[in-house]
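Everything below concerns the one structure shown next.
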Amino acid sequence: MKCPNCNGKHTRVLDSRETNEGNAIRRRRTCQNCTYRFTTFERIEHKHMIVVKRNEAREPYSREKVEKGIWRACEKRPVTQAQVDDLIRILEEKWQNYGKEIPSEMIGEYIMDELKKLDEVAYIRFASVYRHFKDVESFQKELEKLKE
């Protein structure tokens, strides 16, 4: 493992612990060149999913793209990195059960379901972009559903 501080190639593991209900391992490391300490995570690599877009185009699944969209919805909200990581982990486990190809609509719906549980404002933000609200009435209808 390369040191993020000095790019040295010799690091030593100080401590290893299971995280995410045993689905990942957290390792504390130290660089033997500069003594910098850092943390790495090792998790199961899921099979590669293909996202089927609305226009039938296909592209590889990108965890970074999903995380970026969730953070955009959660901007200036009391949501932590750990909560977002857990949310994405839960979503990816659900999606793995779906198969090799997954429609983008399903990804969006699952994200909205989980955001609704996490933060209602983030849910509304995500839904307004995902559902392309055209006017105030469609926005109000979504708010009414949320109130119920």
Crossing angle, helix 104-118 versus the chain [Cα axis fit, 0-90 degrees, rounded to tens]: 80
Counting all C-alpha pairs of segment 16-148, share separated by more than 23 Å (%): 46
Tilt relative to the chain, helix 120-130 - C-alpha long axis, 0 to 90 degrees, to 10: 70
For segment 17-22, Karplus couplings with θ = phi - 60° (6.51, -1.76, 1.60), whole Hz, Gly/Pro x: 9, 6, 9, 6, 6, x
Max mean-square fluctuation residue, GNM over the chain, Cα-Cα springs under 10 Å, options 92, 21, 120: 21
Sites matching trypsin sites (Lys or Arg not before Pro) across segment 1-83 that sit in DSSP coil, with at most 15 neighbouring C-beta atoms within 10 Å: 2, 9, 47, 53, 54, 76
Crossing angle, helix 81-96 versus the chain [Cα axis fit, 0-90 degrees, rounded to tens]: 70
Unmatched cysteines, the chain - criterion: no other Cβ of a Cys under 4.7 angstrom: 74
Among 81, 69, 34 - extreme Cα towards positive end, dipole of segment 32-88, charges at beta-carbon: 69
Unit charges on C-beta of K, R, D, E only; dipole of the chain, Debye: 840
Size of charge dipole - segment 1-55 - debye, nearest 20, with Cβ of Lys, Arg +1 and Asp, Glu -1, no other charges: 200
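Here, each number is a calculation from the coordinates, and none is a lab measurement. Remember, it's a predicted structure, so these values are computed and weren't measured experimentally. As a convention, Cβ positions derive from the backbone with ideal geometry for all residues, glycine included, and neighbour counts pool all protein chains shown.
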